[in-house]
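Remarks on the structure that follows.
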Amino acid sequence: MTTLPPPTGGSPADTAEVAAAARPTTQAPHGGRRSAGPGQLSDIWRRYRRNRLALLGLGIVGLLVFLAIFEPFITPFSPFEQNLLNTTAPPSARHWFGTDVLGRDMFSAIIYGAKLAVIVGLATVAMSLLIGVVFGAIAGFRGGAVDSVIMRTTDVFLAFPLLVGAILVVRTFGAGVTPVIIALALFGWTTSARLMRGQTLALRESEYVEAARSIGATDRRIISRHILPNAIAPVLVYAFTNIGVVVVAMASLSFLGIGVPADIPEWGRLISQSAPFFQVPGKSHLWAFPALAICVTTLGFAFVADGLRDALDPKLRGRG
Amino acid sequence: MADTAGTTPTSRGEDVLGASGGSRTAPLLEVRDLRVHFDTPAGTVKAVDGVSWQVDEGETLAIVGESGSGKSVSAMTILGLVPSPPAVFPGGQVLLRGRSLLDMPEARQRKLRGNEISMIFQDPLTALNPVFKVGEQIAEMIRTHRKVGKAAALRKAVDLLGEVGIPNPRVRAAQYPHEFSGGMRQRAMIAMALANDPQVLLADEPTTALDVTVQAQIMQLLEDLQASRNTAIVLITHDLGLVASHADRIAVMYAGRIVETGTCEEIFTAPRHSYTHGLLSSLARMDHARPEKLEPIPGQPPSLSRVPQGCAFHPRCQFATAECTTEVPILVPSRPGSDHLHACLHSDRVAAAHSAPRPPAAVATARVETGVPPVLEVEGLVKHFPIRSGLLFKRTIGAVQAVDGIDLDIEPGTTLSLVGESGCGKSTAARTILRLQEPTAGSVRLGSRDVTAMRKEELRKAREDMQIVFQDPYASLNPRMTVRQILTEKYELLGGELTEDTIPDLLETVGLSAEYADRYPHEFSGGQRQRVGIARAIALNPRFVVLDEPVSALDVSIQAQILNLLEDLQREFGLTYLFIAHDLSVVRHISDRVAVMYLGGIVELADRDDLFERPQHPYTQALISAVPIPDPAVERSRERIVLTGDVPNPADPPSGCRFRTRCWKHLELSDPDKQRCITERPALDLADGSGRHRVACHFAGERQVLRG
């Protein structure tokens, strides 16, 4: 390069403006457009999509949600329709995943199971998130006796075996999807609460919370506008990771016969039904497809959670 | 934009040094045209871009620069501590007695580290390993480089701890880092750095994390050690005052390059680069009465990934011409044959500007309006933090006496500064006055209202009249709210008319462009964030504002901008300030009255000039004498009172006078007088007839410590 490029910036007007006010060191990333905040979706998405696995996870979750919504239109057969003349048939052109011990179309059953998994997973996590965030925030912000009572309560729930608790809940409310959600949420909120409490404890002492107090903010406002938006990210990430766990837990409950009623084609149920065939050659489609569905679902949510954690983590924000 | 940097002349800077330094014998440590670049997704960051310097035995070279000027990276590179990738080294050499270090195999580099060259880091808290005993860590350092037995190494470690002035070295060597105070840790770090008699000591901001009285101890120690061992010291710092008293030669860095280098006298008395000149004239000086205004450097240091073309300083330079925007100036001698080099095209104009008399200082007397009822009256304010113990039923087993009975009045439109070292309770006092923390005892009156007696809702409304600006502009703004939301919140909470123009007007008042309203805090620099914090505080015209170290987290060139803004706002809106600070130079500049705090109590309270020119309390005197003044001539003639030890534990303060354990005067007293200090706590009594100078010392007396 022999010639210098023409000088940019540094015109007298520019210099004067700098003198008067000074510019931000970090220019807005998208030229002159309105700047993006740390929590803005475009910014999060930009960081999220750099993670290939997270994109794969997003694809899986997207597919699951699609299946859950359009289940009645996708399933080639009714997932409940039994055909006792054609049980445990291997995969074929007509029955892609074969048929189960009751002669139901496995492909339709798996899709119906996906709908259940999504509904139960999201509902459970939403409920435990709500309980956990509220109690965690109160415990962390109030401290003292309130904190002690809430945290000892979480200890009790943590120490209580999930299965025994689930049996109690199902016995109380009867079998069905809702009792399963209640049972899983009841024993799943504690970690969210602990995370939220830790975040709140740290943020309560932060200078911007003190600043909010100095301009007369009430406790409620400090929690909702200053602590919650800054504390929620790790709790959300945890909740997302937990969806996979919830799906597995629901399947386990069903496998043990505690969860959803026997006639509903839930993945755990499907595996449970195939138990007599575990050793039988040529019948592995009975348990392999539901197991695979559980695996893929768990992994999908885990990948999404992993990507979200990186995308939301303010410490990684500097990386481009 | 990254490609434009290819036009930088690469070798010319080196030529100049080669011409002047080539004839001598090889210097102890020489850096030649060093370049350290970082490849980031945002572009190439040229942290160090063609830097050359050298240092000889027994010499102290100071590398001065603001944050992001590349001063630390250049030192870390010498020790091979810069990870690569992301760093790349496109050019340059580091020569230790002629041996090139950068192309040495890693194993040999490791042998040099801590042996021939060692480093002292800024933060002694993180540089020591918390799970090993201090003595063992030093012994370990010795044993990595020498074949010495464990016991012998430990003995040597104890000797070293003694040499760096740690009392009871044998006991201390067996303690863990958390049992050491900050100053003691830094001493231990120095002991470790000296363990193998290095020829070169790299000190990266060695005292920045420490209080001034401790800083004075550490710098004295380094000088003594240098004298006895003939070590070369490379002192990396942003503090020009420190440089003036301790450096032989200075290299000023800006945006990855050295812009000026010369002896200490040359840099301070005859700067030739516009940036050096700007730094010197933006500094508040403790030995000057308040001038009309500081002269800040406008703007802020450039991001190293977006260094302006031509002279990197030109967008902020008052002398810049068209030439400066295209041509990268090279280092040239200020006089033929001189070692005083500068890279400024307008050195003659800088020289003229520097020697021109500064605009006359305003009358040095403080604005004192006696007879006017004070805006703020604090009486007997106490804040104790209980120390609780026990697992289930917590018992109170003691109290940290953070603030232990202070009285203050602030007259309307004036600034009272509360100064003291960390842990003296000044920030707690401010927060307790605002009732951000509940006082244990005492009363605070704001105008005619008793703040301490207010109920919750009443207090919330009263916040309109009492506001605070926080120290850390990075922590005091909610990262998820835009500037507009941050400012609007106050109007929502406290009432007050909010029109379309309110926020833009407010931003312009604090020197920010109105179009910044919809940006988030992370898009601003520290100085700009602090302006937002100030805007939040002055919205709705409060009567009284606490400024809690508002400039201590900012770069030198930005500090002056903020101080000027605060002064302008005070004049315009008649604000009353309580200024919390540890930096006495800034305090001298901005205050009308000054209160000096030590361990929860006020030891001296006086009008500003009275306090600085005629300090009465031995602690005030020590504090003033410990603050370095950015003028080598003044520094050389000054007397320094070096205090021993650290501030005692506020949960268990000494009996009687709290300062007596570190007091230089106490040592000179007769036994009965000493007994008085031990048993009787001195009251804050009038020191002279004026009725405005109070001091809490049984044996108060004037001592001149500001000048020689």
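Please list, ordered by first then second residue, the pairs with beta carbon atoms under 6 Å, 6 or more apart or interchain, first in the stretch A:223-248 and within 14 Å of another protein chain (Cβ to nearest Cβ), second of a type in the set (Ser, Thr, Tyr) and crowded, with 20+ Cβ neighbours inside 10 Å.
So the pair list comes out as A:Ile227/A:Thr200; A:Ala231/A:Thr200.
Filtering the stretch B:543-566 down to residues that are under 21 Å from A:Ala212 (Cα atoms) and at the interface with chain A (Cβ under 10 Å from one of its Cβ atoms), which residue is surrounded by the fewest Cβ atoms within 10 Å (Cβ to Cβ)?
Checked the stretch B:543-566; the qualifying residue surrounded by the fewest Cβ atoms within 10 Å (Cβ to Cβ) is B:Asp548.
Before we move on, is B:Pro648 part of a loop (DSSP other than H, G, I, E, B), without any contact (Cβ under 8 Å) to a residue 60 or more places away in the chain and of a type outside the set (S, T, N, Q)?
Details: part of a loop (DSSP other than H, G, I, E, B): yes; without any contact (Cβ under 8 Å) to a residue 60 or more places away in the chain: yes; of a type outside the set (S, T, N, Q): yes.
Yes; evaluated as a whole, the condition is true for this residue.
Looking at the stretch B:39-48, is at least one residue acidic (Asp, Glu), crowded, with 20+ Cβ neighbours inside 10 Å and on the phi < 0 side of the Ramachandran plot?
Narrowing the stretch B:39-48 to residues acidic (Asp, Glu): B:39.
So of that shortlist, the ones also crowded, with 20+ Cβ neighbours inside 10 Å come out as none.
No.
Scanning the stretch A:204-222 for residues that are crowded, with 22+ Cβ neighbours inside 10 Å and more than 7 Å from chain B (Cβ to nearest Cβ), which turns out farthest from B:Glu458 (Cα to Cα)?
Only one residue tops the list, namely A:Val209.
Name the single residue, out of those in the stretch B:217-273 being of a type in the set (Lys, Arg) and within 28 Å of B:Ala320 (Cβ to Cβ), that is surrounded by the fewest Cβ atoms within 10 Å (Cβ to Cβ). Explain how you work it out, then say what you get.
So the first thing to find is which residues in the stretch B:217-273 are of a type in the set (Lys, Arg), and the list is B:229, B:249, B:257, B:272.
Checking which are within 28 Å of B:Ala320 (Cβ to Cβ) leaves us with B:249, B:257, B:272.
On the way: B:Arg249: 22, B:Arg257: 27, B:Arg272: 26.
My answer is B:Arg249.
Name every residue in the stretch B:268-311 that is among the aliphatic types (A, V, I, L, M) and assigned to a loop (DSSP other than H, G, I, E, B), in order of residue number. Break it down stepwise before answering.
In the first step, residues of the stretch B:268-311 are kept if they are among the aliphatic types (A, V, I, L, M); the result is B:270, B:279-280, B:283-284, B:286, B:289, B:294, B:297, B:304, B:307.
Result: B:Ala270, B:Leu283, B:Ala284, B:Met286, B:Ala289, B:Leu294, B:Ile297, B:Leu304, B:Val307.
Just wondering, is there one or more residues in the stretch B:619-637 that are modelled with pLDDT of 90 or more and not in a helix (DSSP H, G or I)?
Within the stretch B:619-637 (the criterion being modelled with pLDDT of 90 or more and not in a helix (DSSP H, G or I)), the answer is no, since none of the residues qualifies.
If only one of B:Val158, B:Val214 is among the aliphatic types (A, V, I, L, M), closer than 15 Å to B:Asp646 by Cβ and either buried (at least 22 other Cβ atoms within 10 Å of the Cβ) or at pLDDT 85 or above (or both), which one is it? Break it down into steps so the answer makes sense when it comes.
On the way: B:Val158 fails: closer than 15 Å to B:Asp646 by Cβ.
None of the other options fit; the residue is B:Val214.
Would you pick out the residues in the stretch B:103-131 that are touching a Phe, Trp or Tyr at 6+ places or on another chain (Cβ under 7 Å) and surrounded by 16 or more Cβ atoms within 10 Å (Cβ to Cβ)?
Initially, the stretch B:103-131 is screened for residues touching a Phe, Trp or Tyr at 6+ places or on another chain (Cβ under 7 Å), giving B:127, B:130.
If the condition is that a residue be touching a Phe, Trp or Tyr at 6+ places or on another chain (Cβ under 7 Å) and surrounded by 16 or more Cβ atoms within 10 Å (Cβ to Cβ), then B:Ala127 is the only one that fits.
Can B:Leu81 be described as of a type outside the set (Phe, Trp, Tyr), under 18 Å from B:Ala203 (Cα atoms), more than 14 Å from chain A (Cβ to nearest Cβ) and surrounded by fewer than 17 Cβ atoms within 10 Å (Cβ to Cβ)?
Working: of a type outside the set (Phe, Trp, Tyr): yes; under 18 Å from B:Ala203 (Cα atoms): yes; more than 14 Å from chain A (Cβ to nearest Cβ): yes; surrounded by fewer than 17 Cβ atoms within 10 Å (Cβ to Cβ): yes.
Against the criterion (of a type outside the set (Phe, Trp, Tyr), under 18 Å from B:Ala203 (Cα atoms), more than 14 Å from chain A (Cβ to nearest Cβ) and surrounded by fewer than 17 Cβ atoms within 10 Å (Cβ to Cβ)), B:Leu81 qualifies.
Can you name the condition, by its number, that A:Trp267 falls short on among (1) within 14 Å of chain B (Cβ to nearest Cβ); (2) in contact with a Pro (Cβ under 6 Å, 6 or more places away or on another chain)?
Only one criterion is unmet by A:Trp267, namely (1).
Just one of the numbered conditions (1) surrounded by 17 or more Cβ atoms within 10 Å (Cβ to Cβ); (2) touching a strand residue (DSSP E or B) at 6+ places or on another chain (Cβ under 6 Å); (3) assigned to a loop (DSSP other than H, G, I, E, B) is not true of B:Ser417; which one?
Against the list (1) surrounded by 17 or more Cβ atoms within 10 Å (Cβ to Cβ); (2) touching a strand residue (DSSP E or B) at 6+ places or on another chain (Cβ under 6 Å); (3) assigned to a loop (DSSP other than H, G, I, E, B), B:Ser417 comes up short only on (3).
Being in a loop (DSSP other than H, G, I, E, B), crowded, with 24+ Cβ neighbours inside 10 Å and facing chain A (nearest Cβ under 8 Å) is the filter here, so list the residues in the stretch B:466-477 that pass it. Give the derivation first.
Keep residues of the stretch B:466-477 that are in a loop (DSSP other than H, G, I, E, B), which gives B:470-477.
This time we only want the ones that are crowded, with 24+ Cβ neighbours inside 10 Å, so: B:470, B:473, B:476-477.
Within the stretch B:466-477, B:Phe470, B:Ser476, B:Leu477 qualify.
Would you pick out the residues in the stretch B:552-587 that are outside any strand (DSSP E or B), within 20 Å of B:Ser476 (Cα to Cα), of a type in the set (A, V, I, L, M) and modelled with pLDDT of 90 or more? Step through it out loud before you land on a result.
Let us first name the residues in the stretch B:552-587 that are outside any strand (DSSP E or B), namely B:552-575, B:582-587.
From the residues that got through so far, the ones that are within 20 Å of B:Ser476 (Cα to Cα) too are B:552-555, B:558-559, B:561-563, B:565-566, B:582.
From what is left, the residues that are of a type in the set (A, V, I, L, M) are B:553-554, B:558, B:562-563, B:565-566.
Of everything in the stretch B:552-587, those that are outside any strand (DSSP E or B), within 20 Å of B:Ser476 (Cα to Cα), of a type in the set (A, V, I, L, M) and modelled with pLDDT of 90 or more turn out to be B:Ile562, B:Leu563, B:Leu565, B:Leu566.
I'd like to verify a number: residues in the stretch B:519-539 that are more than 9 Å from chain A (Cβ to nearest Cβ) and under 20 Å from B:Glu572 (Cα atoms), how many?
5
Right, B:Val55: touching a Phe, Trp or Tyr at 6+ places or on another chain (Cβ under 6 Å) and either β-branched (Val, Ile, Thr) or within 14 Å of chain A (Cβ to nearest Cβ) (or both) or not?
For B:Val55, the condition - touching a Phe, Trp or Tyr at 6+ places or on another chain (Cβ under 6 Å) and either β-branched (Val, Ile, Thr) or within 14 Å of chain A (Cβ to nearest Cβ) (or both) - is not met.
Give me the residue from the stretch B:440-465 that is closer than 18 Å to B:Tyr577 by Cβ and not small (Gly, Ala, Ser) and, out of that set, nearest to the other protein chains (Cβ to nearest Cβ).
By that ranking, first place goes to B:Arg463.
Please work out which one of (1) among the hydroxyl-bearing types (Ser, Thr, Tyr); (2) more than 14 Å from chain A (Cβ to nearest Cβ); (3) surrounded by fewer than 24 Cβ atoms within 10 Å (Cβ to Cβ) is the condition B:Ser591 fails and give its number.
Result: B:Ser591 passes all but (3).
Quick one: B:Arg272 ticks every box in (1) within 25 Å of B:Gly68 (Cα to Cα); (2) free of Cβ contacts under 8 Å to residues at least 12 places away in the same chain except a single one, so which number is it?
(2)
Give A:Asp105, A:Asp100 a once-over and let me know the one that is within 24 Å of A:Ala251 (Cα to Cα) and touching a strand residue (DSSP E or B) at 6+ places or on another chain (Cβ under 9 Å).
A:Asp105
Quick grid of which residues meet (1) part of a loop (DSSP other than H, G, I, E, B); (2) surrounded by fewer than 19 Cβ atoms within 10 Å (Cβ to Cβ); (3) of a type in the set (D, E, K, R):
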position: B:Pro479; (1), (2), (3): yes, yes, no
position: B:Tyr491; (1), (2), (3): no, yes, no
position: B:Glu500; (1), (2), (3): yes, yes, yes
position: B:Asp505; (1), (2), (3): no, yes, yes
position: B:Glu508; (1), (2), (3): no, yes, yes
position: B:Glu515; (1), (2), (3): no, yes, yes
position: B:Arg531; (1), (2), (3): no, no, yes
position: B:Ile534; (1), (2), (3): no, no, no
position: B:Ala537; (1), (2), (3): no, no, no
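Could you check A:Gly198 against (1) farther than 22 Å from B:Arg455 by Cβ; (2) within 12 Å of another protein chain (Cβ to nearest Cβ) and say which number it fails?
So the condition that A:Gly198 fails would be (2).
Just checking, how many residues over the stretch B:286-309 are closer than 24 Å to B:Ala87 by Cα, of a type outside the set (A, V, I, L, M) and out of contact with any His (no Cβ under 7 Å at 6 or more places or on another chain)? Can you show your working first?
The first filter runs over the stretch B:286-309 and keeps only residues closer than 24 Å to B:Ala87 by Cα, leaving B:301-309.
Keeping just the survivors that are of a type outside the set (A, V, I, L, M) gives B:301-303, B:305-306, B:308-309.
Narrowing further to those that are out of contact with any His (no Cβ under 7 Å at 6 or more places or on another chain): B:301-303, B:305-306, B:309.
Number of matching residues: 6.
Got at least one residue in the stretch B:122-140 being touching an Asp or Glu at 6+ places or on another chain (Cβ under 8 Å), part of a loop (DSSP other than H, G, I, E, B) and hydrophobic (A, V, I, L, M, F, W, C)? Spell out the reasoning first.
Applying the first criterion (touching an Asp or Glu at 6+ places or on another chain (Cβ under 8 Å)) to the stretch B:122-140 yields B:122, B:132.
Now restrict to residues that are part of a loop (DSSP other than H, G, I, E, B): B:122, B:132.
Next cut, hydrophobic (A, V, I, L, M, F, W, C) only: B:132.
Taking every residue of the stretch B:122-140 in turn, at least one turns out to be touching an Asp or Glu at 6+ places or on another chain (Cβ under 8 Å), part of a loop (DSSP other than H, G, I, E, B) and hydrophobic (A, V, I, L, M, F, W, C).
The values are calculated or read from the model by the stated rules, or taken from the named source; none is laboratory data. Here the structure is a predicted model, which means the values were calculated and not measured. Backbone-built Cβ (ideal geometry, glycine too); neighbour counts: all protein chains shown.
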